[in-house]
Amino acid sequence: MNMLTGKHLIAGEWVGGVATFSSDPAHGPSHEFAVGTAADVDAAVKAAEDAFATFGWSSRADRAALLRRIADEIDARGDAITEIGCQETGLPEARLQGERGRTVGQLRLFADHIETGEYLDQRHDPAMPDRAPLPRPDLRMIQRPLGPVAVFGASNFPLAFSVAGGDTAAALAAGCPVVVKGHPAHPGTGEIVAQAIDAAVKATGNPVGTFSLVQSDGIEVGAALARHPLIRAVGFTGSLRAGRALFDLCAQRDEPIPFFGELGSVNPMFVLPNAAVARAAEIGTGWAASLTMGAGQFCTNPGIAVVVDGPGAEALLTTTQSALEETAEQTMLTRGIADAYRNGVAQYAAGSGVSQVVGEDSAPRCAAPNLFVVSGDDWLADDNLHKEVFGPTGIIVRARDANQMLDIARAVEGQLTCTLHMDAGDIETARKLVPVLERKAGRLLANGFPTGVEVCDSMVHGGPYPASTNFGATSVGTLSIRRFLRPVCYQNIPADLLPEEA
Ligand code: NAP
């Protein structure tokens, strides 16, 4: 089944280019894709701005219909998406199918969400013409869409964080046209999803500039998008290095714009003394499974377990070690990510006082699990051990006592998640940790593992830098729509001129 054109989708047309790049699938045939240019970006963004004139004022019912139609069109292409998605990413079929379920589920969730109208946060302070000493005007506030939004597809979720992923769904729900910079790790998957969005935009009579996809395997297209004066915000999931470069670029524009980057996180787990003694085997095997799921290529992968030294720590080490030793190597999303994994592992291994207890060689585009152990003193002294290694690698940090565990909590950078493993006898230690960890992470968990992010109203997938570049926001769940809205107050504006919802 080959449904690919290798072209960009710009304002409803499939557009080729002179330069091309070849995809590098984990298995199956490679395909050629056009490399976008600054002119392609300009055409897509100008069409998005044209589309905003109507799409930005469309009814919530019409946008909900578009989101539901996109979900249906994606499902209609399900087999083709799974086939090419597995080839390009090396992920198993069940993962692609499950991720498609999540992707269409979040499109439909946003359709339901905007229909309620709650996200508008409507406020009305009626006029008080007789108020003394000054009358009050009529004041109405609602949230309005920003305008064209740029979205960067993420390598590690070829569907749920890519072309029709959470950022795109939230922006379209808000009323913002979207221009996606496709990720070169899965350009074919991205193109088929773009075909689904194109069909939905046309079938629902929305303007063709509502959605465009520009493909590329270099940084120029992304930089041109972030710099384009008509782009009003950027949604990004990826590395700290790229995210920081794009964040700086957005801040340095003549007119700075918000950059919503979801970047790195080591997602520390604090295994409290009673839980460690009573449940080391359960926690160790659960951790090994969470750490190696999807070859560890999840932003919520729990890379660090902090435990107070003693028999509980020893038992946690033994059970995690044996579970990881039974886990085979897995294919990684790209050669570049596999190389970065090897470099990160080497950096951990070179740390002072670090011992490696699990570690096997693996094939070039693969990753085998690694496990390291270090004392609390050595971990606190070495910033390199605080950094994320994207892949199936964990460090056990053996704290001297509960006070040093607290020092370690204070020393961790901003995180997407922090986890407590605790039993009833740990409540006093937990009471001291929670106020520290709450300032570090977007999501706190007890007695669970952070991989598996529920898409729902109360989810927060964000956190203080470097977990994200905007700790007031989330990139998963219905609250993520707020990134692409801004409050507007209408003072004494005649009803005929107000947006429908105000
Ligand atoms: P990446 O290097 O951050 O790239 C993400 C996207 O940004 C790509 O489309 C890339 O374009 C573009 N880009 C990179 N640098 C740019 C720049 N200076 N200006 C404009 N655009 C730029 O991420 P990746 O290739 O997906 O994976 C590499 C590493 O990112 C991983 O090893 C991992 O550490 C991290 N990562 C983290 C998460 C997370 O959930 N936080 C998710 C995925 C990856 P091109 O590729 O076309 O050059």
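Couple of notes before you dig in:
- Taking region 451-463 as the range and being on the phi < 0 side of the Ramachandran plot and either open to solvent by 30 Å² or more (accessible area, probe 1.4 Å) or at pLDDT below 95 (or both) as the test, the residues that pass are Glu454, Val455, Cys456, Asp457, Ser458, Val460.
- Qualifying residue in region 289-310 (condition: part of a helix (DSSP H, G or I), among the aromatic types (Phe, Trp, Tyr), within 16 Å of the ligand (Cβ to nearest atom) and within 26 Å of Val151 (Cα to Cα)): no
- Scanning region 336-364 for residues that are within 16 Å of the ligand (Cβ to nearest atom), small (Gly, Ala, Ser), at pLDDT 95 or above and within 22 Å of Glu326 (Cβ to Cβ) turns up just one, Ala338.
- Single condition Ser480 does not satisfy, out of (1) within 22 Å of Ala164 (Cα to Cα); (2) open to solvent by less than 20 Å² (accessible area, probe 1.4 Å); (3) in contact with a Leu (Cβ under 9 Å, 6 or more places away or on another chain): (3)
- Enumeration of residues in region 261-283 that are buried (at least 24 other Cβ atoms within 10 Å of the Cβ), among the small types (Gly, Ala, Ser) and away from the ligand (no atom under 16 Å from the Cβ): Ala275, Ala276
- Those residues of region 334-355 which are surrounded by 14 or more Cβ atoms within 10 Å (Cβ to Cβ) and either among the polar types (S, T, N, Q) or not assigned by TED's automatic domain parsing to the domain that holds His386 (or both), in sequence order: Thr334, Gln347
- Some residue of region 151-172 being assigned by TED's automatic domain parsing to the domain that holds Gly98, modelled with pLDDT under 95 and either surrounded by 13 or more Cβ atoms within 10 Å (Cβ to Cβ) or not aromatic (Phe, Trp, Tyr) (or both): yes
- Residue count, region 410-453 (criterion: small (Gly, Ala, Ser) and away from the ligand (no atom under 16 Å from the Cβ)): 6
- Lone unmet requirement of (1) more than 16 Å from the ligand (Cβ to nearest atom); (2) part of a loop (DSSP other than H, G, I, E, B); (3) closer than 15 Å to Gly296 by Cα for Gly391: (1)
- Among the criteria (1) in contact with a helix residue (DSSP H, G or I) (Cβ under 9 Å, 6 or more places away or on another chain); (2) open to solvent by less than 50 Å² (accessible area, probe 1.4 Å), the one Asp50 does not fulfil is (2).
- Set Phe52, Phe33: member being in a strand (DSSP E or B) and in contact (Cβ under 8 Å) with a residue 12 or more places away in the chain: Phe33
- Single condition Thr20 does not satisfy, out of (1) within 26 Å of Gly98 (Cα to Cα); (2) without any contact (Cβ under 8 Å) to a residue 24 or more places away in the chain: (1)
- For region 284-307, filtered to residues that are of a type in the set (Val, Ile, Thr) and open to solvent by less than 10 Å² (accessible area, probe 1.4 Å), the residue that is nearest to the chain's Cα centre (by Cα) is Thr300.
- The criterion of being more than 25 Å from Ala349 (Cα to Cα) and part of a helix (DSSP H, G or I) does not hold for Asp407.
- Residues of region 128-182 satisfying the condition of being acidic (Asp, Glu) and within 16 Å of the ligand (Cβ to nearest atom): Asp167
- Filter result for Val208 (among the aliphatic types (A, V, I, L, M) and either open to solvent by 50 Å² or more (accessible area, probe 1.4 Å) or at pLDDT below 95 (or both)): yes
- Subset of region 211-234 (residues that are open to solvent by 10 Å² or more (accessible area, probe 1.4 Å) and in a loop (DSSP other than H, G, I, E, B)): Asp217, Gly218, His228, Pro229, Leu230, Arg232
- Any chance Ala111 is surrounded by 12 or more Cβ atoms within 10 Å (Cβ to Cβ), assigned to a strand (DSSP E or B) and in the same structural domain as Ile219 (by TED's automatic domain parsing): no
- Residue list for region 360-381, restricted to those being open to solvent by 30 Å² or more (accessible area, probe 1.4 Å) and over 29 Å from Ala154 (Cβ atoms): Ser375, Asp377, Asp378, Leu380, Ala381
The values are calculated or read from the model by the stated rules, or taken from the named source; none is laboratory data. Since the structure is predicted, the reported quantities are computational estimates derived from the model, not experimental observations. Virtual Cβ from ideal backbone geometry, glycine too; neighbours counted across all protein chains shown. In case anyone asks, the SASA skips ligands and DNA or RNA and just uses the protein heavy atoms, side chains included. Shrake-Rupley method; radii C 1.70, N 1.55, O 1.52, S 1.80 Å.
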